[in-house]
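A short write-up of the structure that comes next.
No value in this document is a laboratory result; all are computed from the given coordinates. The structure displayed is predicted, hence computed values, not measured ones. Cβ placement follows ideal geometry from the backbone for every residue including glycine, while neighbour counts extend to all protein chains displayed.
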Ligand SMILES: [Zn+2]
């Protein structure tokens, strides 16, 4: 009894520490001494359990007040906490509270509740995929070649001789609190419960080999730069015939020569002949995978924007398309011939050439303002 350390001291907090401080201190200890991070390290495992026990008492106001008054004796056998010994499963069951679900599934401690071995999972493979705007607009099926780990032919498995196939090793230690059963992941099979029986020369110690494989990936329409698509089960094979990881496809968008993308909308800068802007004309503009004609009305001002409804990109996982926004820029000739100059000089003082904005021609700042409304 006398060799048990003080619970506050174990967690490194003061006697007056509040619940948040205690939780934070325990998180730190649990992460540091977690058996999955310190495989086979008995001292770390003991520290891990010591911290869990301290937290179990100090996080419960009733147990904590008994401990404060009577010391370890106040929370000993019969108090409900440690009567039958606290095993690893009890400790891990605390984690939902302490780590807020971060340990659910996959992470260490996440798959222990069943008590059996856990199937080893292969790692994810990441590949980048460059796509043109045309491919993004339509969606595309692409074949990619990856170099990945696959199960080698002819490998046979048997139960791990260290853990007998359970994936875990159990020890029983006698403590003040009674028999404490401790379990940790088998360090020989990493929890898989299996080991290789017969291994062909091309297989590694986990029964895997590297191989090139062509994988077909379906890209839905409307994806964007930086998006990650996950193809389930197409990553590296799992060790010891486990489950494969995923193939993660990271989208890279190739710039279009003429169209600029903004979400589901496309933008096009159209340069219009000065005379066409004055007299009106039909012009051709590029669209995704084609062309469209648009009408420039007589008297069109530079800076006007035309909206082609539905000519943008499809919206990912929804119905509908964005728009194609055509920005009209009236081209001012940089050089004119002598004859042209003479014509223009005649027009210089014409009444209809005098700027006379009537409110329909909004200035630049007004248009910017409108964009944010
Ligand atoms: Zn084992």
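Which of rounded, prolate, oblate describes region 204-287, given a ≥ b ≥ c as roots of the alpha-carbon gyration tensor eigenvalues and a/c under 1.5 marking rounded, otherwise prolate only if a/b is larger than b/c? Cα axes put region 204-287 in the prolate bin.
Seen through its C-alpha gyration tensor, with square-root eigenvalues sorted a ≥ b ≥ c, region 154-247 comes out oblate because a/c lies at 1.5 or above while a/b is not bigger than b/c.
The label-point distance for residue 210 and residue 294, in a model that sets each label 7 Å from Cα toward Cβ, rounds to 5.1 nm. Counted by neighbouring Cβ atoms within 10 Å, the residues 294, 243 run from fewest to most as 243, 294. If a/c stays under 1.5 just call it rounded; otherwise compare a/b with b/c (prolate if a/b is bigger, oblate if not). Do that for region 182-337, with a ≥ b ≥ c from the square roots of the Cα gyration tensor eigenvalues. The shape class here is prolate. What the Cβ-Cβ distance of residue 278 and residue 132 gives, at R0 = 41 Å and to the nearest 0.05, is a FRET efficiency of 0.65. At an R0 of 45 angstrom, the distance between the Cβ atoms of residue 225 and residue 43 translates into a FRET efficiency of 0.40. Stretching residue 346 away from residue 158 to a fully extended chain increases their span by 57.9 nm, per 0.36 nm per residue minus the current alpha-carbon distance. Note on residue 336 and residue 36: their simple-model spin labels are 7.7 nm apart, each label 7 Å out from Cα toward Cβ. Shown for 313, 11: other C-beta atoms within 10 Å of each C-beta, ranked fewest to most, produce the order 11, 313.
Annotation: extensible slack from residue 24 through residue 142 equals 37.7 nm (criterion: 0.36 nm per residue apart, minus Cα-Cα distance).
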